[in-house]
Each structure stands twice: as C-alpha cells, then as structure tokens.
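First comes the structure, then the notes that go with it.
The values are calculated or read from the model by the stated rules, or taken from the named source; none is laboratory data. Just so it is clear, the model here is predicted, and its values are computed rather than measured. Here Cβ is always computed from backbone atoms with ideal geometry, including for glycine, and neighbour counts include all displayed protein chains.
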C-alpha cells in the first residue's frame, strides 16, 4: 500500500474515533440537559398542582376512581405542561388518579424519595421497561400536614431520537474531518515522499536491509561522520581497524579519544582519493567523500582498507627494482670499460690497460669483499651492494662497518630487514645529497635475540623539534602505487620494527644516526 493510502487509513481511523466520541459526548450532554430542564419543568408543574386550594380540599378522604374533579385537575396540568403523566396519591403513596390508569391503586413512592419528609424530589425510574424522569411533591393543608402527593414525569428520549437530533451536526463534523483528513494525508504524503526521494515505506525498509548487508559484507572499513564530528555510522571492519569501541555510533571523535591521524583523515575538508595514513601499526588507504543535500553539509563518508602487507611488499619490490637497475647500470658501465680497454689495446697502451683493469678490479672487489665477509644473507648483501652502487653514482661514499655481522635469516626476517635497511639508507642518501664529501656508514649487528641496524651520515642532522615526529608523519602525498617516500618510509620502518618487538630511534651525532632493532 502506498504512503498516501496508509496515511488516509490512519486519518480515517482517527476520524472514526473522534466522531464516535463526539456522538457519545453528545448523547451524554443531551441526557444531562433533558434531566436538568425536564426535571425542573416536572417539579414546577407538580408544585403548581400541589398548591391548588381545591386539591387541598378534595384530597382528604378522596378514594380511587371516585369523582371526576381530581382526574380533571391532573389532566389539565398534564396537557398544559406537556408532561407525559400526572398522578395524584394519598399520604401513603397510593395513587388516586393517574394519566396511567393501571397505576391507580398502586404505590408510587420510591425508596429514595424524600416526599414523605415534606420535601420535593426528582429522580428516574424504570416503568414497564421505559426510562422515566419523575418529580414528586407533597400536598400540605393549612396546618402543614401532608394530605397527599403529586407525581409528574416525562419519558426519557430514546437513543435513536437523540442521534437523529444530533445527526446533522455529527454529519457535518464527519464531512469536514474527512475533507481535512484526506487533504492533510495527501499533502503530508507528498512532503514525506519528497524527503524520502519518492520511496515508499517498504522500499525504505528494503533499502535499509540492503545497506546493513553492504556495511557488514564488504571487507573495507566505512565510517560516516557528521559536521559536528559525531560518528553516525561505522561497520565492523572500521571498528576493528580504527580500534573504536562497539558503542562508538553517536559519540564525537573527541569523546572517543581517537588518534590525531584518524581525526585528520575523517574530518579534512577536501575530498580524498587513495591517501595513505599510518594508524597504529597499520597502513590504511583512505577515500573520503563529502555528503551534501540542497547545499547543506551533512558530513562525510570515508572508506578505507588495510594495505600494510601490500605496502611492505611494494617496498620490497622497489628495493628489488633498485637492485635490477643497479645491475643494468653495472652492465652498461662494464660495457663502457670494455670499450675503453679495447681502445687502449688498439693504441698499444698496454701498461695503461693493466693499470685501468687493476683500478676497476680493486674498486669492485673491495666492496664485494667487505659485504660478503660481513653479510652472508644473500638478500641483504645484494641490497647493500645495490645501495652502495646508487650512492657511488651520486658521488656518495657508503661503507659497511668492520664490526658488522649478519648470518642467514628466515624469509620473513629478511624481508623486514630489507624494508628497514632500504628506508634508512635511502633517507641517508637524501640527507647528504647537498653535502660536500658525503659519507654514509652502515652497521649491522646480530646477536642471539635481535638484530641492530645503525645508519649514520654526515648530513645536517635532524631538527631537534621534529626528532620525535619524523616516524609519525602519518601519510604520504605520493601515489599509492609508488613505494617509499620520505617520512612515510621512516614510518614504515618503525612499523616493521615494532611488529618485531623492536623500535627505531634517531639522534644527532655529527649528522644523523638512526638505530633500529628487530627481535629475531
């Protein structure tokens, strides 16, 4: 059923209740009015007849059905007042004459009547199945003694008669109510449908069920925040990834005491697409969409997904690509060196050939020997050689400390070391790129329980005010398909270290020195 139909039925039910109540109240009011007016009229007629001097004279000694004066007096009062009946009785209450012949000779006194006490009384009785309003007044002689009783009365109008009397007003009320109710239902339905985008209640209910299934079925976190930074919606994944309480909906971000990065990610004014944030020990990619309606700000909806493992894999892929690029560069360099040797031989400069070969051989073998002697893990050895080659091409001297030592590691530890060493060395290369005679020293020390990586450079060092913030930059402005990035790479380094129950710290010592520890 349509929304307008439902509103109309509801209005009709309300109108029905109102009209029924109106009829009941009207009948009650009509009955009360009848009792008040007819009771007063009946009592007045009875008092008028009881005060008649002739009645006072005739009543003492009068007997039922004797004489015509009393019936004539009673009928005169009845016809004049318009009452239904008039009865005259002796002091004991026995009817002497009555408009109802069958009442003559019977007792008309009622248990609750006060007429025997010399006072008038009005009340209602049931006579032959009919509801009757009566008034009884004592007839007193000149000495004040009661010589008889006058009883007058009127039958209550039937319910049908009362309804016929109030029918015009009730019908008018019903028609006006129907007209107003139908008009109100249509207008209200149109307004509600405008606000609900033309959807019926059943469609809204189905949409809600689909929304619930979508929220709890997707593998991405979804959070809706109002302009007042109040959480309006959060699915299970969002609660888990952002470490929110289960009752977070309805609370503000300040009340939830969420991390500053989360607040910044959920409330920034700009639309976001694939922005990386480091939340706790997770790398999350956020997409934020503002919600507007008729120019009014309703807040925003933010979706995010966990890319921690993928980001680390991208980091490793970037290091592998750097290694392959280094190998291609070396191949090109060796080709150039072979061309140079070939030219020297053709020129007959044999001594120059020997010196050239010795120089190249010593430079390469020295680096390879230093790395091979101290680092036996192939993945890390290849990474160090690649980074050294990149540094050499940029005019930077990268050396491996003589007390370095690293044995073979399991695959996961090797991948974590690749991320840590790669990021720290890249950060050092960037730091000394503008320094004359730039130098970087790498030290790797392995013990029974942990591995320590120290990377020092002779750059300008780290700003003391930012030394505690360089690992919590929070997001990278680079495209998410690009690994690394200054600041974010250091954040990844801390993430990897802490996942292995370690940490990374930075100090200034004639440049910057980064020390990272990882549990084995």
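A few points about this structure:
- Residues in region 358-371 that are surrounded by 14 or more Cβ atoms within 10 Å (Cβ to Cβ) and at pLDDT 65 or above: 367, 370, 371.
- Members of region 194-252 that are in contact with a helix residue (DSSP H, G or I) (Cβ under 8 Å, 6 or more places away or on another chain) and at pLDDT below 75: 196, 199, 200, 201
- Condition met for residue 8 (touching a residue at least 12 places away in the same chain (Cβ under 8 Å) and more than 59 Å from the chain's Cα centre (by Cα)): no
- Restricting 18, 25 to residues that are exposed (fewer than 12 other Cβ atoms within 10 Å of the Cβ) and either within 30 Å of residue 202 (Cα to Cα) or within 60 Å of the chain's Cα centre (by Cα) (or both) narrows the list to 25.
- Any chance residue 174 is at pLDDT below 80 and assigned to a helix (DSSP H, G or I): yes
- Qualifying residue in region 157-164 (condition: in a strand (DSSP E or B) and assigned by TED's automatic domain parsing to the domain that holds residue 79): no
- Residues that are assigned to a helix (DSSP H, G or I), modelled with pLDDT under 90 and under 29 Å from residue 376 (Cα atoms) are absent from region 463-472 altogether.
- Test: residue in region 120-130 that is under 55 Å from the mean Cα position of the chain (by Cα) and not in a helix (DSSP H, G or I): no
- The single condition from (1) touching a strand residue (DSSP E or B) at 6+ places or on another chain (Cβ under 8 Å); (2) surrounded by 15 or more Cβ atoms within 10 Å (Cβ to Cβ); (3) free of Cβ contacts under 8 Å to residues at least 40 places away in the same chain that residue 130 fails is (2).
- Residue within region 442-453 that is more than 24 Å from residue 259 (Cα to Cα) and modelled with pLDDT under 85 present: no
- Hey, residue 424 within 59 Å of the chain's Cα centre (by Cα), buried (at least 21 other Cβ atoms within 10 Å of the Cβ) and either in a helix (DSSP H, G or I) or without any contact (Cβ under 8 Å) to a residue 60 or more places away in the chain (or both) or not: yes
- Residue list for region 392-413, filter: out of contact with any strand residue (DSSP E or B) (no Cβ under 8 Å at 6 or more places or on another chain), touching a residue at least 12 places away in the same chain (Cβ under 8 Å) and not in a loop (DSSP other than H, G, I, E, B): 393
- Qualifying residue in region 279-289 (condition: modelled with pLDDT of 80 or more, at negative phi and surrounded by fewer than 19 Cβ atoms within 10 Å (Cβ to Cβ)): yes
- Test: residue in region 145-160 that is farther than 30 Å from residue 74 by Cα, touching a residue at least 24 places away in the same chain (Cβ under 8 Å) and loosely packed, with under 15 Cβ neighbours inside 10 Å: no
- Condition met for residue 320 (surrounded by 15 or more Cβ atoms within 10 Å (Cβ to Cβ) and either at pLDDT 65 or above or over 20 Å from residue 417 (Cα atoms) (or both)): yes
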